[in-house]
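> Below is the structure I would like to discuss, written out as structure tokens.
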Amino acid sequence: QVQLVESGGGLVQPGGSLRLSCVASGSINDIYLMGWYRQAPEKERELVATVTRGGNTNYAASVKGRFTISLDNAKNTMYLQMNSLKPQDTAVYYCNGQQVGARVSWGQGTQVTVSS
């Protein structure tokens, strides 16, 4: 099984930046796709961005051009660089890892609040 731990959330003003980190441990060689999801109050969890082990990325339309997802395989860490943050980006952000055998792991979540 894979364990995921997020960090880097916080309070930031509109237009500001944050970088989220997700450290993976356990059976990390089983992971073929990692991603960031978010869930705002009273809304369903939604995809933010994904990245394959080979570095192919995919973004939700709402964050494209503002957010960048990346992997540091040497550190077993995935990042989400978030720039030009908007109040509507406020949510709990979750790290996700999809593994062979249809197994899925989630982190505990980190709160991002964009407010003046």
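> Taking the inverse of the average 1/r across all pairs of different Cα atoms in the stretch 57-115, what Kirkwood radius in Å do you get?
13.1 Å
> Another one. Restricting things to alpha carbons, tell me how big the chain is in terms of Rg and Dmax, in Å.
Cα only, the chain: 13.5, 44 Å (Rg, Dmax).
> Next up: Would you mind telling me the share, in percent, of accessible area of the chain contributed by carbon and sulfur at probe 1.4 angstrom?
So the carbon and sulfur contribution to the accessible surface is 47 percent.
> How big is the C-alpha Rg of the stretch 1-48 next to the rule-of-thumb value 2.2 N^0.38 Å, as a ratio?
Normalised Cα radius of gyration, the stretch 1-48: 1.41.
> For the charge dipole of the chain, defined by +1 on Lys and Arg C-beta atoms and -1 on Asp and Glu C-beta atoms about the Cα centroid, which residue among Q13, S27, Y93 has the Cα displaced farthest towards the positive pole?
Among Q13, S27, Y93, the one farthest towards the positive end of the dipole of the chain is Q13.
> On to the next question. What Rg and what Dmax come out for the stretch 22-83 when only alpha-carbon atoms are used, in angstroms?
12.3, 37
> With charges only on Cβ, +1 for K and R and -1 for D and E, what is the dipole size of the stretch 17-87 about its Cα centre, in debye, rounded to 20? Kindly include the intermediate steps, with their values, before the conclusion.
On the way: 9 positive and 5 negative charges, 50 e Å.
It works out to roughly 240 debye.
The values are calculated or read from the model by the stated rules, or taken from the named source; none is laboratory data. A quick note: this is a predicted structure, and the numbers were derived from the prediction, not measured. For neighbour counting, all protein chains shown are included, and Cβ atoms are generated from backbone atoms with ideal geometry for every residue, glycine included. Side chains included, ligands, DNA and RNA excluded: accessible areas come from the protein's heavy atoms. Shrake-Rupley method; radii C 1.70, N 1.55, O 1.52, S 1.80 Å.
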